[in-house]
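Asker: Pasting a structure here, questions to come.
Taken together, the values in this text are just the output of simple stated rules run on the coordinates, not laboratory data. Note that this is a predicted model, so its numbers are computed, not measured. Every residue, glycine as well, gets a Cβ built from its backbone with ideal geometry; the counts of neighbours run over all protein chains shown.
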Amino acid sequence: MAKHALIIDDDPMSLEIMSQLLELEGFTFTAIQDSSLIDDVLAGLSRVDIVFLDLEMPSPDGYNVLKHLKNDIGMTAPIVAHTVHMSESNAALAMGFDAFISKPTDSDHFHEHLQQILKGERVWVTRHK
C-alpha cells in the first residue's frame with residue numbers, strides 16, 4: 001500500500017510542487033489549502049504517514065496546526081515544517097516539528113530527505129546550495 005502524505009499549505013503553487021514530488025515518490029496525498037478544514041479532511045482519511053505543513057497561513061497558522069495535530073488529535077506521523085521562512089527553523093524546532101524543509105524544495109535531495117524523515121531521523125534543511 002502506498003504511503004499517504006498530508007500537505008497543508010495556503011499557496012496553490014507550493015501544493016502543486018509538493019504534490020508532484022510526492023507522486024514521483026509513489027505517495028498518495030491529500031492537499032489542504034484552508035487550514036481551518038483539517039478536522040473535516042482528517043475524518044475522511046484512513047492513514048497519514050507524513051505531514052508537510054506551511055508555517056505562514058491564515059488562521060490557524062502552522063504552529064497552531066502543529067499543536068492541534070499533536071496535542072488534540074494525537075498525530076504520530078512526522079510533521080515537517082515546509083516554509084520559505086528559513087529564519088523560523090529554531091522556533092520550529094522548539095515547537096516540536098519533526099523536520100524542517102525550506103522552500104523552494106530541493107528536488108535533487110527530496111527522496112533522500114523523505115526517506116530519512118520516514119525512518120525517524122531529524123532532517124533540518126534551512127538553505128540550498
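Asker: Cβ neighbours within 10 Å, averaged per peptide: list 108-116, 59-67, 94-102 in order, most packed at the top.
Answerer: 94-102, 59-67, 108-116
Asker: On to the next question. Would you please state the base-10 log of I(q)/I(0) at q = 0.11 1/Å for the chain, with intensities from the Debye formula using one equal scatterer on every alpha carbon?
Answerer: Evaluating at q = 0.11 Å⁻¹ gives log10 I(q)/I(0) of -0.32.
Asker: Give me a comma-separated list of calculated 3J(HN,Hα) values for segment 46-58, in order, Karplus coefficients 6.51, -1.76, 1.60 applied at θ = phi - 60°, integers in Hz, x for any Gly or Pro.
Answerer: 8, 7, 9, 9, 7, 10, 10, 10, 6, 8, 9, 9, x
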